[in-house]
Amino acid sequence: MLESLFNSVSKEKVLLYIAAREEGYAREIAKYYETELSPIQNQLNKLESGGILVSKSVGKTKVFSFNLRNPFYNELVNLLKKAIEFLPEKEKNDLIIYRKRPRRAGKPL
């Protein structure tokens, strides 16, 4: 949807993912989109060097999120959230609703 604006499908995927979930790491994003890891890593590194994203280390994992000090932060996030609204319903729900914690043993679905 925004590929022509960002010049890359991988960049669009990375930005949409982080806009929806507020943070993410390369392997998690690549696994979600069922794509190769290296293009996702390249885009994350380019966006970080451009000041769009910032990273922090959590163990051996480099977790990326939006740079709140970027002057275009609000406009970019609003654009991406608007784009998420126009995704197909199933894809939008899969992207937004995400459980990181495991379910308690014996808890009913």
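Tell me what the chain gives for mean residue ellipticity at 222 nm when only DSSP H runs of n ≥ 4 count, each as -39,500 (n - 2.57), the sum divided by the residue total, rounded to 500 deg cm²/dmol.
So the calculated ellipticity at 222 nm is -16000 deg cm²/dmol.
Using the Cα gyration tensor of segment 1-52, with a ≥ b ≥ c the square roots of its eigenvalues, what is the shape: rounded (a/c below 1.5), prolate (a/b larger than b/c) or oblate (neither)?
rounded
Please report the net charge: other residues with Cβ closer than 10 Å to the Cβ of Tyr32, K and R +1, D and E -1.
For residues surrounding Tyr32, the net value is +1.
Can you put Ile84, Ile97 in order of Cβ neighbours within 10 angstrom, beginning with the fewest?
Exposure proxy ranking, most exposed first: Ile97, Ile84.
Please compare each pair in Lys11/Lys82; Lys56/Lys81; Lys11/Lys90; Lys31/Lys82; Lys13/Lys81; Lys56/Lys82 to a cut-off of 19 Å on the Cα-Cα distance and tell me which ones are over it.
Lys56/Lys81; Lys11/Lys90; Lys31/Lys82; Lys56/Lys82
Neighbour counts of other C-beta atoms within 10 Å: give me Phe72, Phe64, Phe86 arranged from fewest to most.
The most exposed by this proxy come first: Phe86, Phe72, Phe64.
Go through Ser10, Ala20, Pro108 and say which Cα lies farthest out towards the positive end of the charge dipole of the chain; charges sit on Cβ, +1 for Lys and Arg, -1 for Asp and Glu.
Pro108
So if each residue of separation counts as 0.36 nm, and I subtract the Cα-Cα distance between Asn78 and Arg104, what length gain in nm does that give?
Gain on stretching Asn78 to Arg104: 5.8 nm.
Roughly how large, in nm² to one decimal, is the mean projection of the convex hull of the alpha-carbon atoms in the chain?
Mean projected area for the chain: 8.3 nm², to one decimal.
Please order Ile29, Ile96 by the number of other Cβ within 10 Å, starting at the fewest.
Starting with the residue having the fewest Cβ neighbours, the order is Ile96, Ile29.
Could you work out how much longer the chain between Asp94 and Phe6 gets when fully extended? Use 0.36 nm per residue separation minus the Cα distance between them, nm to one decimal.
Contour length minus Cα-Cα distance gives 29.4 nm.
Here, each number is a calculation from the coordinates, and none is a lab measurement. Everything numeric in this text was worked out from a predicted model, so none of it was measured. Quick reminder, even Gly has a Cβ in these numbers, built from the backbone with ideal geometry, and neighbours come from all protein chains shown.
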